[in-house]
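All remarks here apply to the structure that follows.
The values are calculated or read from the model by the stated rules, or taken from the named source; none is laboratory data. Computed from a predicted structure; not experimentally measured. With ideal geometry, Cβ positions are generated from the backbone for all residues, glycine too; neighbour counts draw on all protein chains shown.
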Amino acid sequence: MVDETSKDERYKARQQKVKDQVDARVEAAQIEKGIFLIITGNGKGKSTSGFGTIARAVGHGLKCGVGQFIKGTWDCGERNLLEQHSVDFAVMATGFTWDTQNKEADTAAAQATWGECKKMLADDSYDVVLLDEMTYMVTYGYVELDEVIEAISNRPTMQSVIITGRAAHRSLMDMADTVSEVRSIKHAFESGIKARKGIDW
Ligand code: ATP
Ligand code: MG
């Protein structure tokens, strides 16, 4: 009985210490500004996380915009839903090929979408802007890294930006406030399971 009581007290003391530390950190975080978030890595869950954040923001009545690179012509569950909730989409609708023989056409398609995204990044009516699969545009040179850095650096103070995609550029990760890496432990695709509507797109 005595043992149980002291165990209980030790637990309470430990929890109080954790709470004090968390409270102190919450107290210390006083800066009010939009954040730059990057979700990168090889595992599944980057775009769904980005879109989940957009859904969260929409749920609070915030104004959101999404730039979709690469997969613009694909059926997209999040777009089907979020367009009904006044989220603006800039999608790469033309047939983006990844084919070097069509580099000029691909660059033009990427530039057109990036142009729309830049407008969102300069417009303080947008609270959150998601640039889905933007990392590839920089990696493959369809969009200049310096332009992305400039647009994000000069965005309205309260606006948050999310970039998703594999292999985010070091310079972007350096300037981001939050960077998360999704690591693949396994993926259904490796066992021959087909991509599923509502799960994979
Ligand atoms: P999701 O959109 O499901 O969050 P993601 O954005 O993290 O995925 P992408 O690289 O954009 O991943 O790839 C999108 C598609 O590729 C999805 O259909 C997803 O299930 C699939 N995918 C993601 N990671 C892997 C992986 N490690 N192996 C095979 N397929 C993957
Ligand atoms: Mg993705």
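Brief remarks on what is shown
- Residue satisfying all of: in region 151-201; among the polar types (S, T, N, Q) and farther than 30 Å from GLU32 by Cα; surrounded by the fewest Cβ atoms within 10 Å (Cβ to Cβ) among these: SER191
- The residue of region 8-32 that is nearest to MET158 (Cα to Cα), among those that are not in a helix (DSSP H, G or I) and not hydrophobic (A, V, I, L, M, F, W, C), is GLU32.
- For ARG170: the one exception among (1) in contact (Cβ under 8 Å) with a residue 12 or more places away in the chain; (2) over 21 Å from MET92 (Cβ atoms): (1)
- Qualifying residue in region 45-52 (condition: modelled with pLDDT of 95 or more and in contact with a Lys or Arg (Cβ under 7 Å, 6 or more places away or on another chain)): no
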